[in-house]
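See structure below.
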Amino acid sequence: MLILGIESTCDETAAAVVEDGILIHSNVVSSQMDLHRPFGGVVPEIAARRHLELIEPVVDAALQGRSVDAVAVAQGPGLLGALLVGLNFAKGLALGWKKPLIGINHVEAHLYAAIMTHPEEVRYPALGVVVSGGHTALVKINAVGTYQLIGATVDDAAGEAFDKVAALLGLPYPGGPEVEKLAKQGDPNRISLKAGQVKGRPFDFSFSGIKTNVLYAAKGQSASRNDPLLLNAQARADLAAAFQEAALGDIFRKAQLAAKEFECHSILLGGGVTQNQRLRELFQGASVPVLWPSRDLLLDNAAMIAGLAYPYSQKGPLPDGLALLPQPRMPLRFK
Ligand code: KG4
Ligand code: ZN
């Protein structure tokens, strides 16, 4: 079964054709990053307008004349205007082709990215670790589609914390890769930083406190965001390293603890922060096998959307695709 996937939740316009949930025939991603960089973050209205310009050529490039058996689209979570472009384009295709339309949760698709990369190696129940720009969560995966939420962030997402810390250190958007690069030149032990803990909830995350501590370390006690940096180059790199170590160490420790407590037999990671090499090093210390998405499935893409649609297409009758609405805050369905 060939499925066309469409992704437009944030600042990537993407389309892909995937066979039977696993075999990627095409995976086209057009990033708008350069367009948003001058603003230090994604501007929703600009993103929506750019999706509108890109969606048709990107879908054409993914299809290359192929016909497909179904259309899948990221229905949420994401930016409303951006979601509307992908969803309406997908509805038009499904209507014209008389094919089913499957609405997919973008965060769930990030977890599926590791599953479609290693279909034979996943051992259930698995612990899903989502670390993206918009989401940070620990999820027990009993099977594709059957989840239990173990922990989530109570404030900033992991990638968001990297982006905000990058901005404080004068680095461009998106900040994750920039912080990682700078951290390589720093010593994480010269400055003491700790990720936040949530009282009575050992698997929840809090990154807003550590971000404030970075602000004070970089610009002085009680400084505000736009004050000048007080650090020399080495101290700036040390601060980046200390932040990275504290944030990623916290994610690893909580994931490891959750895998034990909830008797998970493998750990699956997903979301943009999985690009970080230090995160990979830390997870080498895990007590169960750790599975990462292939390189082209790490950042936002449509192959993971088309991939996840396959198991749903096999589960029985689908809801009416033409009635799907964008869901900016779409929750994972927990069972
Ligand atoms: O999954 P993703 O492409 O988009 C969302 O669904 O949010 O993740 C993007 C996030 C950004 O916040 C970016 O800074 C972060 O992933 N990121 C990284 C790295 N590369 C990307 N964070 C830390 N280290 C990296 N190397
Ligand atoms: Zn994403």
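Work out how much length Trp97 to Asp155 would gain on full extension: take 0.36 nm times their residue separation and subtract the Cα-Cα distance, in nm to one decimal.
Full-extension gain reported as 16.6 nm.
Per residue of the stretch 292-301, what does 6.51 cos²θ - 1.76 cosθ + 1.60 with θ = phi - 60° give for ³J(HN,Hα)? Whole Hz please, x for Gly and Pro, Karplus curve as stated.
Here the 3J(HN,Hα) series is 10, x, 5, 3, 7, 10, 6, 8, 4, 7 Hz.
Would you pull out the residues with amide H under 5 Å of Gly128's amide H, same chain only if 5 or more places away, H placed 1.01 Å from N?
Counting only residues 5 or more places away or on other chains, the set is Val139, Lys140, Ile141, Leu268.
Would you grab the residues whose amide H sits under 5 Å from the one on Thr136? Only those 5+ places off in sequence or on another chain, please, with H modelled 1.01 Å from N.
Amide H neighbours of Thr136: Thr153, Ala158.
Rounded to whole Å and ordered largest first, report the semi-axes of the equivalent ellipsoid of the chain derived from its Cα gyration tensor (root of 5λ).
Those come to 35, 24, 16 Å.
Among Leu35, Leu138, Gly81, which residue has its Cα furthest toward the positive end of the charge dipole of the chain, with +1 on Lys/Arg Cβ and -1 on Asp/Glu Cβ?
Leu138
Please compute the length gained on full extension between Ser224 and His118, using 0.36 nm multiplied by the number of residues separating them and subtracting their Cα-Cα distance.
Result for the pair: 33.6 nm of gain on full extension.
Provide the net charge surrounding Ala223, with neighbours chosen by a C-beta distance below 15 Å and charges set as Lys +1, Arg +1, Asp -1, Glu -1.
Every neighbour counted, the sum reads +4.
Taking the Cα centre of the stretch 1-143 as origin, sum charge times position over the Cβ atoms of Lys and Arg (+1) and Asp and Glu (-1), and report the length of that vector in debye to the nearest 20.
Taking the Cα centre of the stretch 1-143 as origin, the dipole is about 280 debye.
Set the Förster distance to 45 Å, then compute FRET efficiency between Asn88 and Leu231 from the Cβ-Cβ distance, nearest 0.05.
0.40
By a straight-distance test (C-alpha under 18 Å), which aspartates and glutamates pair with Lys181 as possible cross-link partners, with residues fewer than eight away in the same chain excluded?
Glu160, Asp163, Asp238, Glu245, Glu281
Taking the alpha-carbon centroid of each part, what is the distance from the stretch 183-232 to the stretch 16-31 in angstrom?
Cα centroid to Cα centroid, the span is 38 Å.
Expressed in nm to one decimal, what extension gain is obtained for the pair Gln64 and Thr212 from 0.36 nm per residue of sequence separation less their Cα-Cα distance?
Contour length minus the Cα-Cα distance gives 48.4 nm.
So what's the stretch 45-125 giving for Cα Rg divided by 2.2 N^0.38 Å, two decimals?
Working it through for the stretch 45-125, the quotient is 1.25.
Can you work out ³J(HN,Hα) from phi for every residue in the stretch 307-317, in order, using Karplus 6.51 cos²θ - 1.76 cosθ + 1.60 and θ = phi - 60°, giving whole Hz and x for Gly and Pro?
x, 5, 5, 4, x, 5, 5, 8, 8, x, x
Whole-Hz ³J(HN,Hα) for each residue in the stretch 13-20, computed from phi via Karplus 6.51 cos²θ - 1.76 cosθ + 1.60 with θ = phi - 60°, x for glycine and proline: what do you get?
9, 9, 8, 8, 10, 10, 9, 6
Going highest first, how would you order 183-194, 71-82, 241-252 by mean Cβ packing within 10 Å?
71-82, 241-252, 183-194
What are the semi-axes of the equivalent ellipsoid for the stretch 234-334, taken as the square roots of 5 times the Cα gyration tensor eigenvalues, largest first, in whole Å?
Gyration-tensor ellipsoid for the stretch 234-334: 33, 19, 13 Å.
Excluding same-chain residues fewer than 8 positions from Lys99, which lysines have a Cα within less than 30 Å of its Cα?
Lys91, Lys315, Lys335
Return the whole-Å distance between the Cα centroid of the stretch 34-60 and the Cα centroid of the stretch 236-290.
31
With a 10 Å radius around each residue's Cβ, average the other Cβ atoms per peptide and rank 8-18, 112-122, highest first.
With the highest mean Cβ count within 10 Å placed first, the list reads 8-18, 112-122.
Using the per-residue mean of other Cβ atoms lying within 10 Å as a proxy for protection, in what order, highest first, do the peptides 312-318, 199-205, 24-30, 215-221 fall?
24-30, 215-221, 199-205, 312-318
For a label point 7 angstrom out from the Cα of Asn189 toward its Cβ, which stretches of the stretch 208-238 have the backbone nitrogen within less than 19 Å?
Only 234-238 fall inside the zone, counting backbone N under 19 Å.
Could you give the size of the charge dipole of the chain about its Cα centre, using +1 on the Cβ of each K and R and -1 on the Cβ of each D and E, expressed in debye and rounded to the nearest 20?
Roughly 680 debye, rounded to the nearest 20.
Would you mind checking which residues have amide H under 5 Å from Val43's amide H? H placed 1.01 Å from N; only 5 or more apart, or other chain.
none
Would you mind counting up the charge near Leu127? Only other residues with Cβ under 11 Å from its Cβ, with Lys and Arg at +1 and Asp and Glu at -1.
Net charge around Leu127: +2.
For Glu56 paired with Arg280, estimate the spin-label separation in nm (one decimal), with each label point 7 Å from Cα along the Cα-to-Cβ line.
Result: 4.0 nm between the two label points.
So what is the 222 nm mean residue ellipticity for the chain from helices alone, if each DSSP H run of at least 4 adds -39500 (n - 2.57) and you divide by all residues, rounding to the nearest 500 deg cm²/dmol?
Estimated from H runs of four or more residues: -12500 deg cm²/dmol.
Rg (Å, one decimal) plus Dmax (Å, integer) for the alpha carbons of the stretch 137-258?
Considering the stretch 137-258 through its Cα atoms, Rg and Dmax are 15.4, 50 Å.
Quick check on the stretch 75-180: take the gyration tensor over C-alpha atoms, sort the square-rooted eigenvalues as a ≥ b ≥ c, and tell me if it's rounded (a/c under 1.5), prolate or oblate.
oblate
Read the figures in this text as sums done on the coordinates, not as results from a lab. Bear in mind the structure is a predicted one, so any value in this text is a computation, not a measurement. No Cβ is skipped: glycine too gets one built from the backbone with ideal geometry, and neighbour counts run over all protein chains shown.
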